[in-house]
Each structure stands twice: as structure tokens, then as C-alpha cells.
Amino acid sequence: MNQSGVGPRTDRPSPVVLRLLPHVLPPPAKVLVIGVGSGHEAHALDARGYDVTVVDDSAASGANNAGGGVLAAPFVASDFGARFDLVCEHGALDLMDRDAWALAASRALRSGGQLFGSVGGNTSALLHTLAPHFEVTRCQPGGFGDGRLELVAVRR
């Protein structure tokens, strides 16, 4: 629970992100974390040996939370040249156009790279959005009863 006692906690990395690590490429994979947030996910991945880069268009205000490797850029408008092995999602999709987000994630990943994390919304619509770019290998309830899903998808 978060510090107010409702929903997931925000004072540590997302348990969903950590729970998915055995299902994605191991360190030293290059991972792009979408959104600075609290910085907990970026720190947790870095501590486990991943090569972490964070992208956030408002990174100037939260860059210290994520440590080094923060790109102050809008995710959906950036072209990362398919240089990442992993893209970690933990809430940014809720704030973006889904089609633009899926296209940006596919552009960030090398062929066979993986998208993973916690996503919300209509499962059918999400799978439809991902289908042109990804093969979904894991999609199940995230465990908080909040309608979020654990997702792992491989770039085609």
C-alpha cells in the first residue's frame, strides 16, 4: 500500500517490475525506463546490474531521483535507434496516446527486445494496440486489485 494506506506503495520499486525480472533478459541488458517517477525502478534495475537509461520529458525536475542516465525528452517523439534490450513501463502509458506509445516502444527496442512492466486499462484494447509491434508472452493481473496488468511482450 502507499503511504496513505490505499493502493500500491510508492516508497519502493514496483513489486510488479521486480516480479517480472525472471521473465526478461538478464543483466547487463540495456533497459530504457519510461518516466523518472520516484526513481525507485531505475535504481533497483541499476543495482541488479542492468545498464539503465531513463527518458522523461519533465526529467529536469526529477533527474536526481533516478541518478545518471536521464534523458529529458518526450518518449513518444524520440527515436532511440533500436538500441535497447528492454523497455520498462510502470505508469507512463496511462498518460500517453497508446498507439504512439506502442510505436515509440517498438522503435526503442532491438528486434527480440522486450517490453515489460505494469499497465492499466482495457486488456483487449491494449493487446490490439501492441499486436502490430509485439508478441505478448505474459499478461496477467498485477495483484493489487486495481485493474493493472503484468505485461511482458517481445518486439517483432
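The values are calculated or read from the model by the stated rules, or taken from the named source; none is laboratory data. These numbers were taken from a predicted model, which means no experiment stands behind them. Here the Cβ positions follow ideal geometry from the backbone for every residue, glycine too, while neighbour counts run over all protein chains shown. Please note that ligands, DNA and RNA were not included when accessible areas were found on the heavy atoms of the full protein model with its side chains. Shrake-Rupley method; radii C 1.70, N 1.55, O 1.52, S 1.80 Å.
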Response to the item:
Regression test value, accessible area per residue of the chain, probe 1.4 Å, units Å², expected 47 Å²
Worksheet item: Once the whole set of protein chains is in place, how much accessible area is left on residue 95, using a 1.4 Å probe, in Å² to the nearest 10?
Response: 150 Å²
Response to the item:
Amide H contacts under 5 Å for residue 136, restricted to residues at least 5 apart in sequence or on another chain and with H modeled in the peptide plane, are 154
Fill in: MRE, 222 nm, helices only [DSSP H, n ≥ 4, -39500 (n - 2.57), over the chain, to nearest 500]
-7000 deg cm²/dmol
Practice prompt. Could you please state how large a percent of the accessible area of the chain is carbon and sulfur, counting protein chains only and using a 1.4 Å probe?
Written response: 52 percent
Practice prompt. Mind giving me the nanometre distance, one decimal, between the label points for residue 137 and residue 48, set 7 Å out from Cα along Cα→Cβ?
Written response: 1.4 nm
Worksheet item: How much accessible surface area, in Å² rounded to 10, belongs to the heavy atoms of residue 12 with a 1.4 Å probe?
Response: 110 Å²
